[in-house]
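All remarks here apply to the structure that follows.
The values are calculated or read from the model by the stated rules, or taken from the named source; none is laboratory data. Model, not experiment: these values are computed from the prediction. Cβ: placed from backbone, ideal geometry, glycine included. Neighbour counts: every protein chain shown. Only protein heavy atoms, including side chains, enter the accessible area calculation; ligands, DNA and RNA are left aside. Shrake-Rupley method; radii C 1.70, N 1.55, O 1.52, S 1.80 Å.
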Amino acid sequence: MYHICMSYFDTHFHLTAMMDKGIDLDTLRGIEGMDIGCDPGDIVRRIEVISKFPSLYFSVGADPGTAESERKASEIAAQIKKEAEEYKAYFIGEIGLDYYWNYGPEGKMEDVFAMQLDIADELNLPVAIHTRNADVKTLEILSSHRNEKRGLIHCFSSGIKTAKAFLDLGFCISFAGNVTYKSSDELRAVAAYTPLECILLETDSPYLSPVPMRGKTNTPLNIEYTYKTIAEIKKISSEELNEIVKENFKRILEL
């Protein structure tokens, strides 16, 4: 038997990574949201899992870590384009830059990112952006690409000035479990600043569990704590916020 959970919408999680960490996916029946790709080829395994969840969207993408691959940036991007077309992905992502780890040869991570933005333009798909210690360069690259459908900034963790820059480019801000942490006053200030029509919420499961689940393997069932935090900031109910998040996501997809 499986548990039917309250369907708070979760814009970013990784089903197969949860499975690899021992999470029984049968406990997640009823979740709504988007399963996110990270590597070329991972959709082959993911699609079998995604198909068991009728209310899920999914993306394909090569994250910053793929810059360590021996394959050329153009080869990585070409595979992502092929997979997006073949599987009819809803998003390109997660893609972006990570200067905390600074993966791969100099310039390759930026090339993989930019080429996937071009693919998103060509296929008229929104993007899920990963940026860590790289906001200035991420904004520079995004500003140079049309990306009319834009998308979301995954697991936002910067300040109001940076949030404004992404919002001015037409992106939604996606808040994760770190907004619940005691030390995250600045991030909660960003949530207060961000208009409701530009807010999305995520777990990034199996990572980044919110308080009071911090330190444990994360799942979309824990997103209720993030909803509670943002709802209190916005002075609305979690249920009302859930409907707003769903509408924001559908607007990005033009559904």
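Laid out as a table, the results:
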| quantity | calculated |
| --- | --- |
| Qualifying residue in the range 175-183 (condition: among the aromatic types (Phe, Trp, Tyr) and in contact with a strand residue (DSSP E or B) (Cβ under 9 Å, 6 or more places away or on another chain)) | yes |
| Near pairs, Cβ below 7 angstrom, 6+ apart or cross-chain, from the range 220-241 (within 12 Å of Asp10 (Cβ to Cβ)) to any residue that is of a type in the set (A, V, I, L, M) and in a helix (DSSP H, G or I) | Pro220/Leu28; Leu221/Leu28; Thr226/Val179; Tyr227/Leu241 |
| Unique residue being at pLDDT 95 or above, farther than 30 Å from Gly22 by Cα and open to solvent by 10 Å² or more (accessible area, probe 1.4 Å) when the list is Tyr181, Tyr193 | Tyr193 |
| Qualifying residues in the range 188-220 (those that are touching a Ser or Thr at 6+ places or on another chain (Cβ under 7 Å) and aliphatic (A, V, I, L, M)) - the one nearest to Arg251 (Cα to Cα) | Leu200 |
| Selected residue (criterion: most open to solvent (accessible area, probe 1.4 Å)) from residues of the range 199-242 that are outside any loop (DSSP other than H, G, I, E, B) and touching a Pro at 6+ places or on another chain (Cβ under 8 Å) | Tyr225 |
| Test result for Pro210, of a type outside the set (Gly, Ala, Ser), more than 21 Å from Pro126 (Cα to Cα) and touching a residue at least 60 places away in the same chain (Cβ under 8 Å) | no |
| Pair list, Cβ < 6 Å and 6+ apart or interchain, from the range 166-192 residues that are farther than 17 Å from Thr131 by Cβ to residues that are β-branched (Val, Ile, Thr) and outside any helix (DSSP H, G or I) | Thr180/Val211 |
